[in-house]
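Only one structure is covered here, and it is reproduced in the block below.
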Amino acid sequence: MFDRFIRHDELVATLDALALAYPELVTIDTYGTSHEGRALLLVTVTDRIAGAPETKPAQWVDANIHATEVTGGAAALHLLHHLVTAAERGDTTTLEALRTRTFYVVPRVNPDGVEAALADNPTYRRSSMRPWPYADRHPWPGLASHDIDGDGRVLTMRIADPNGAWVEHAEDGRVMVPVPIDGVVAAGVQRYRLLDEGTIADFDGFIVRTPSPPEGLDMNRNFPAGWGTAVRGSGDHPLSEPEIDALVRAIVARPNICGYNAYHTSGGVILRPSSTVGDSSLPPVDVWTFKELGKRGTELTSYPVHSVFEDFTWDKSDTMSGAADDWAYEHLGLYGWTTEFWDVVMAATGERSSTDIWYVGPTPEQELAIARWSDQYGEYVVPWRPFDHPQLGPVEIGGLDWFRVASNPPLQLLTEEIRPHAEFAVFQALAAPCLEIAHAAAVALGDGLWRIEVGIANSGWLPTTVSVRAAKSHMVLPIWAELALPDGASIVTGPNRVTLGQLDGRSGFRIDGGGRNDGTPDRVLATWTVRAAPGADIGVTASHPRAGTRHTSITVS
């Protein structure tokens, strides 16, 4: 399963088989329907013997919001495999996570786009296959990228052009390098113009326009976090796309979610909010917490952690908004992450890609290294082959197979690339706040009266609000506790259900000087005075929307 990328029907069959094989752990739900009518599938994994999914704090992971980033979907499937096989491995950490936490996993946010990318005759689009911004899918004049020679790949066309911006690398003709700034090349060296493989609508014999594809949406700009029309591909309005509307509703319907991670490619990095403002504009404790959690992510995966705005935004006056991890943090107060799997430059050279590679691409030396390195795995940098183009005449097709080696790793390396990220997901889940009833007692007051004491604790690392942003914006309801009284018993003073505020987690003990005088900010005591006969059993429920629900009973005697 982890040495290839699977299409939608096989994905559905794989998930159904998983639920059938592990019924005590796995359920599959459909949370919506894609633009082209495919089911949007949510996998819930937890030890149901230890409690229902909604009664435990949860970690959310989704993948493949972008069509060609299929490594993310494989990583989501590997996470599911890691969870359900914990007992077989004797993995006590994951078993504890399954007992006390819930995992919600969406292996494919965008099944339509992925299906197009994995087709025998592939179409590579950023996200949705819904025509946008023109609903009639009008082919505007210019280049339309697609596989024109029938080899199942969309590569690069090169055209001999005395004014072209590219020449062959002196050591490997498959690799194209830019013409020097001064335009001087050695005598007899051919210059080329490069275009995506495809055909040209309304070609006038001279101008090759590069219009946006008719499916120009970017679903990861459609979330209601700083959404705006200035951001390319953002859609008609926030949540205009059925896949994103359904995803947001599915997450909001599960208030026990305490952490969020979206699986993407590429870059070999773990990205965190914000995409629109610097760290100085975020609560300092939240920045510290992101960094503390991120340290463990780097230890487990080797991927460095970066702020999108601080490290990956080239022009800080032109920011990206409407992204999922920003929405999770800004609207829900969750620590949201985007994992960008796979760094081909790192694989080929041993050095990480620069943080501006999305804008300027790899250097010629890096491209040469990629070509030589990839040869051991197959034909990922393709020799140039002549082709009689219907509009351009004689061209050559070849170069980097971007989809199979730059956006995603060679299949031989896929499992090892995604494997450690399952452990990071488990770690994030175990960092969540977790409610416990740590003390329950009945103290006799005489004359049939009893003081019922219930001590509630947060045994997790994060506070029950999860973040300072959530606390300041009152995003999370407080803990409540309630008694269930037997017939003949009654509460003498106060209400039956009481609210008890929020609790710190162990992370709070690290703040304010890092002293060793902790106190008990992670605990609260609820008390009631009740009248009950000796031997009566009084039920107790303590609950928090994020930290879970716990039950116990007290026998008065």
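Would you mind finding the one in Val466, Val530 that is closer than 27 Å to Glu96 by Cβ, surrounded by 17 or more Cβ atoms within 10 Å (Cβ to Cβ) and modelled with pLDDT of 95 or more? Steps first, answer last, please.
Details: Val530 fails: closer than 27 Å to Glu96 by Cβ.
Testing whether each residue is closer than 27 Å to Glu96 by Cβ, surrounded by 17 or more Cβ atoms within 10 Å (Cβ to Cβ) and modelled with pLDDT of 95 or more leaves just Val466.
Looking at region 378-391, is at least one residue surrounded by fewer than 17 Cβ atoms within 10 Å (Cβ to Cβ), assigned to a strand (DSSP E or B), assigned by TED's automatic domain parsing to the domain that holds Val175 and among the basic types (Lys, Arg)?
For region 378-391, residues surrounded by fewer than 17 Cβ atoms within 10 Å (Cβ to Cβ), assigned to a strand (DSSP E or B), assigned by TED's automatic domain parsing to the domain that holds Val175 and among the basic types (Lys, Arg): present.
Of all the residues that make up region 155-171, how many are loosely packed, with under 14 Cβ neighbours inside 10 Å and either touching a helix residue (DSSP H, G or I) at 6+ places or on another chain (Cβ under 8 Å) or under 18 Å from Phe387 (Cα atoms) (or both)?
Of the residues in region 155-171, 3 are loosely packed, with under 14 Cβ neighbours inside 10 Å and either touching a helix residue (DSSP H, G or I) at 6+ places or on another chain (Cβ under 8 Å) or under 18 Å from Phe387 (Cα atoms) (or both).
Based on this model, can you work out whether Pro238 counts as buried (at least 20 other Cβ atoms within 10 Å of the Cβ), over 15 Å from the mean Cα position of the chain (by Cα), within 27 Å of Arg126 (Cβ to Cβ) and not assigned by TED's automatic domain parsing to the domain that holds Asp149? Lay out the reasoning, then the answer.
Details: buried (at least 20 other Cβ atoms within 10 Å of the Cβ): yes; over 15 Å from the mean Cα position of the chain (by Cα): yes; within 27 Å of Arg126 (Cβ to Cβ): yes; not assigned by TED's automatic domain parsing to the domain that holds Asp149: yes.
Yes.
Would you point out which residue out of Arg232, Arg249, Arg254 is assigned to a helix (DSSP H, G or I), in the same structural domain as Glu330 (by TED's automatic domain parsing) and of a type outside the set (S, T, N, Q)?
Selected residue: Arg249, the only one of Arg232, Arg249, Arg254 that is assigned to a helix (DSSP H, G or I), in the same structural domain as Glu330 (by TED's automatic domain parsing) and of a type outside the set (S, T, N, Q).
Residues that are assigned to a helix (DSSP H, G or I), hydroxyl-bearing (Ser, Thr, Tyr), modelled with pLDDT under 95 and within 30 Å of Pro141 (Cα to Cα): does region 321-329 have at least one?
Within region 321-329, not a single residue is assigned to a helix (DSSP H, G or I), hydroxyl-bearing (Ser, Thr, Tyr), modelled with pLDDT under 95 and within 30 Å of Pro141 (Cα to Cα).
Mind checking which pairs have a first residue in region 491-520 that is free of Cβ contacts under 8 Å to residues at least 12 places away in the same chain and a second that is in a helix (DSSP H, G or I), Cβ under 6 Å, 6 or more apart or different chains?
Asp518/Phe509
Could you check region 281-320 and list, in sequence order, the residues that are at pLDDT below 95 and either touching a Leu at 6+ places or on another chain (Cβ under 8 Å) or over 27 Å from Asn64 (Cβ atoms) (or both)?
Phe312, Asp315, Lys316, Ser317
For region 32-110, give me every one of the helices (runs of 4 or more DSSP H) that falls completely inside it and has 3 or more residues that are under 23 Å from Phe5 (Cβ atoms) and under 21 Å from the mean Cα position of the chain (by Cα).
70-84
When you go through Thr549, Thr541 one by one, which is the residue that is farther than 24 Å from Glu292 by Cβ, polar (S, T, N, Q) and within 30 Å of the chain's Cα centre (by Cα)?
From the options Thr549, Thr541, the qualifying one is Thr549.
For the subset of region 335-363 comprising residues that are part of a helix (DSSP H, G or I) and modelled with pLDDT of 95 or more, which member is surrounded by the most Cβ atoms within 10 Å (Cβ to Cβ)?
For region 335-363, the residue satisfying everything is Val344.
Which ones in region 315-371 are in contact with a His (Cβ under 9 Å, 6 or more places away or on another chain), farther than 14 Å from Ser274 by Cβ and of a type in the set (S, T, N, Q)?
Residues satisfying the conditions are Thr339, Thr355.
Output the residue which, of all residues in region 423-456 that are among the small types (Gly, Ala, Ser) and buried (at least 21 other Cβ atoms within 10 Å of the Cβ), is farthest from Pro521 (Cα to Cα).
Ala425
Could you pull out the residue among Asp512, Asp522, Asp518 that is modelled with pLDDT of 95 or more and not assigned by TED's automatic domain parsing to the domain that holds Asp286? Show your work before the answer.
Details: Asp512 fails: modelled with pLDDT of 95 or more; Asp518 fails: modelled with pLDDT of 95 or more.
Among Asp512, Asp522, Asp518, only Asp522 is modelled with pLDDT of 95 or more and not assigned by TED's automatic domain parsing to the domain that holds Asp286.
Give Leu368, Leu332 a once-over and let me know the one that is outside the structural domain of Glu310 (by TED's automatic domain parsing), touching a residue at least 24 places away in the same chain (Cβ under 8 Å) and surrounded by 19 or more Cβ atoms within 10 Å (Cβ to Cβ). Reasoning before the result, please.
Numbers: Leu332 fails: outside the structural domain of Glu310 (by TED's automatic domain parsing).
Of the residues listed, the single one that is outside the structural domain of Glu310 (by TED's automatic domain parsing), touching a residue at least 24 places away in the same chain (Cβ under 8 Å) and surrounded by 19 or more Cβ atoms within 10 Å (Cβ to Cβ) is Leu368.
If a residue has to be over 40 Å from the mean Cα position of the chain (by Cα) and surrounded by 10 or more Cβ atoms within 10 Å (Cβ to Cβ) to count, how many in region 172-190 make the cut?
Counting residues in region 172-190 that are over 40 Å from the mean Cα position of the chain (by Cα) and surrounded by 10 or more Cβ atoms within 10 Å (Cβ to Cβ) gives 3.
Filtering region 111-139 down to residues that are among the small types (Gly, Ala, Ser) and within 22 Å of the chain's Cα centre (by Cα), which residue is surrounded by the fewest Cβ atoms within 10 Å (Cβ to Cβ)?
Step one: filter region 111-139 for residues among the small types (Gly, Ala, Ser), giving 113, 116-117, 119, 127-128, 135.
Imposing the further condition that a residue be within 22 Å of the chain's Cα centre (by Cα) reduces the set to 113, 116-117, 127-128.
Details: Gly113: 32, Ala116: 20, Ala117: 24, Ser127: 30, Ser128: 29.
Out of the qualifying residues, it is Ala116.
Answer yes if at least one residue in region 455-462 is in contact (Cβ under 8 Å) with a residue 24 or more places away in the chain, small (Gly, Ala, Ser), within 23 Å of Leu293 (Cα to Cα) and in contact with a Lys or Arg (Cβ under 7 Å, 6 or more places away or on another chain), and no otherwise. Quick ask: steps written out before the conclusion?
Initial filter on region 455-462 (in contact (Cβ under 8 Å) with a residue 24 or more places away in the chain): 455-462.
Those left that are additionally small (Gly, Ala, Ser): 455, 457, 459-460.
When the remaining residues are screened for being within 23 Å of Leu293 (Cα to Cα), the result is 457, 459-460.
This time we only want the ones that are in contact with a Lys or Arg (Cβ under 7 Å, 6 or more places away or on another chain), so: 457.
Checked against the condition, which is being in contact (Cβ under 8 Å) with a residue 24 or more places away in the chain, small (Gly, Ala, Ser), within 23 Å of Leu293 (Cα to Cα) and in contact with a Lys or Arg (Cβ under 7 Å, 6 or more places away or on another chain), region 455-462 yields at least one hit.
For residues that are of a type outside the set (A, V, I, L, M, F, W, C) and assigned to a loop (DSSP other than H, G, I, E, B), tally how many sit in region 436-476.
The qualifying residues number 10.
I'm told Glu197 meets every condition in (1) closer than 27 Å to Tyr124 by Cβ; (2) without any contact (Cβ under 8 Å) to a residue 60 or more places away in the chain; (3) charged (D, E, K, R) except one. Can you identify the failing condition by its number?
Exception for Glu197: condition (2).
For Val405, state whether it is hydrophobic (A, V, I, L, M, F, W, C), touching a Phe, Trp or Tyr at 6+ places or on another chain (Cβ under 8 Å), farther than 30 Å from Trp373 by Cβ and surrounded by 22 or more Cβ atoms within 10 Å (Cβ to Cβ). It would help to see each step written out before you state the result.
Values: hydrophobic (A, V, I, L, M, F, W, C): yes; touching a Phe, Trp or Tyr at 6+ places or on another chain (Cβ under 8 Å): yes; farther than 30 Å from Trp373 by Cβ: no; surrounded by 22 or more Cβ atoms within 10 Å (Cβ to Cβ): yes.
No: the conditions fail for Val405.
Can you find even one residue in region 20-27 that is in contact (Cβ under 8 Å) with a residue 60 or more places away in the chain, part of a helix (DSSP H, G or I) and crowded, with 23+ Cβ neighbours inside 10 Å?
Looking for residues that are in contact (Cβ under 8 Å) with a residue 60 or more places away in the chain, part of a helix (DSSP H, G or I) and crowded, with 23+ Cβ neighbours inside 10 Å, one finds none in region 20-27, hence no.
The values are calculated or read from the model by the stated rules, or taken from the named source; none is laboratory data. Quick caveat, the model's predicted, so the values are computed rather than measured. A quick note on method: Cβ atoms are made from the backbone with ideal geometry, for glycine too, and the neighbour counts reach across all protein chains shown.
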